[in-house]
Amino acid sequence: MTRMTAPRSAPRRRMARFALAPWAIARCAGASLLAQLLVPAIASGQDKGTLNPHPLPPLAKPDDPATPAKELFGRKTAPANLQARTIGFYSKGCLAGATALPINGPTWQVMRLSRNRNWGHPNLIAFLERLAAQAPKTGWHGLLVGDMSQPRGGPMLTGHASHQVGLDADIWLTPMPNRELTRQEREEISATMVVAEDRRDVDPQVWTPAHVALIRAAAKDPQVARIFVNAAIKKALCRDAGSDRHWLNKVQPWWGHDYHFHVRIVCPTDSPECTPQQPRPADDGCGEELDHWFTEAVLHPKPGPPAKPRPGPRMADLPAACRQVLLAP
Ligand SMILES: [Zn+2]
């Protein structure tokens, strides 16, 4: 997931204080979620990229055990030349043998190329290609794909607590235009905000049946474990789903996710060190659980003290195999 931000008007640091079902916390972003929630995050569809990204300066002491792992993985520009496998949990792990999603396909285009985050486990690439092929049949012209993972996965310098193991992808809530976007457009155009100003529902001027159909198609893919959307989007999906509701079970309200939806696929069978996402309760999640997101305390939280920046995990905090992924040619 990206940008686990509070509603636009609300300081996100308060968000962690609200009572969430334990499965929502543990499953969404791992044990360190509360800590990660406090970290300011940028890198979503509305954050611009650049055509001339500056390479990061080398680290003075890369071998220092205190070095945040994001500083190491954030400097890797190519995948580890190893057999593809996912190591660890979505918010605490890394990725060997990553594959890049081609930046153009018949019905998809990758956005924000300067971030070099269009990498994933081959199962994620296959899922995205499958969903993109299905998209036109749902009335959605094609996918604009945002962040996936870094070339070797791992924690990122900006934007995400998860997306670390090559099994997460952000898909813009903006249909692909009927032409190839320029490099500059891919850095600069904004994704579409679909949540209404009062945060209580989707914006009826923007929301369409094709949005529902696309998210439904993603959720019905057997490889998909979880989809994160803004609570207002979940509310709209609950309303519009009709009698076919089983897929709603995979759709989890979360902060942010109002310009994009986040798809998380299951652990690949080739990856014994992958830690699975635990399932949600068996219902459609359209009842009390959803109501909680629209309480005054969640919609308009009282401001708390400023959040301190956190360095995130060090290499010793990640699965041991991630060191080999980092050091591999
Ligand atoms: Zn995401």
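Which residues, counting only those in region 49-80, are charged (D, E, K, R) and in contact (Cβ under 8 Å) with a residue 24 or more places away in the chain?
Lys70, Glu71, Lys76
When only residues in region 197-214 that are over 20 Å from Pro136 (Cα atoms) and touching a helix residue (DSSP H, G or I) at 6+ places or on another chain (Cβ under 7 Å) count, which is surrounded by the fewest Cβ atoms within 10 Å (Cβ to Cβ)?
Selected residue: Arg200.
So, of the residues in region 141-166 that are of a type in the set (Ser, Thr, Tyr) and part of a loop (DSSP other than H, G, I, E, B), which turns out to be farthest from Ile227 (Cα to Cα)?
Thr158
Kindly list the number of the only condition in (1) touching a residue at least 24 places away in the same chain (Cβ under 8 Å); (2) out of contact with any Leu (no Cβ under 7 Å at 6 or more places or on another chain) that fails for Glu296.
Looking at each condition in turn, Glu296 falls short on (1).
Residues that are in contact with a Pro (Cβ under 6 Å, 6 or more places away or on another chain) and modelled with pLDDT of 90 or more: find the helices (runs of 4 or more DSSP H) completely inside region 15-106 holding 1 or more of those.
The qualifying helices (runs of 4 or more DSSP H) are 69-73.
Against the definition (under 19 Å from Ala80 (Cβ atoms) and either touching a strand residue (DSSP E or B) at 6+ places or on another chain (Cβ under 6 Å) or buried (at least 22 other Cβ atoms within 10 Å of the Cβ) (or both)), how does Gly153 come out, yes or no?
Yes: the conditions hold for Gly153.
Okay, residues lined up against (1) free of Cβ contacts under 8 Å to residues at least 40 places away in the same chain; (2) surrounded by 24 or more Cβ atoms within 10 Å (Cβ to Cβ); (3) under 19 Å from the mean Cα position of the chain (by Cα):
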| residue | (1), (2), (3) |
| --- | --- |
| Ala133 | yes, no, no |
| Ser149 | no, yes, yes |
| Asp170 | no, yes, yes |
| Leu181 | no, no, no |
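Among the residues in region 247-254, are any modelled with pLDDT of 95 or more, surrounded by 17 or more Cβ atoms within 10 Å (Cβ to Cβ) and touching an Asp or Glu at 6+ places or on another chain (Cβ under 7 Å)?
Scanning region 247-254, I find at least one residue that is modelled with pLDDT of 95 or more, surrounded by 17 or more Cβ atoms within 10 Å (Cβ to Cβ) and touching an Asp or Glu at 6+ places or on another chain (Cβ under 7 Å), so the answer is yes.
Quick one: in region 168-189, of everything that is β-branched (Val, Ile, Thr) and either at pLDDT below 95 or not in a strand (DSSP E or B) (or both), which residue is nearest to the ligand (Cβ to nearest atom)?
Among them, the one singled out is Thr174.
The values are calculated or read from the model by the stated rules, or taken from the named source; none is laboratory data. Everything numeric here is computed off the predicted structure, so don't read it as measured data. Because the Cβ atoms are built from the backbone with ideal geometry, glycine has one as well, and the counts that use them run over all protein chains shown.
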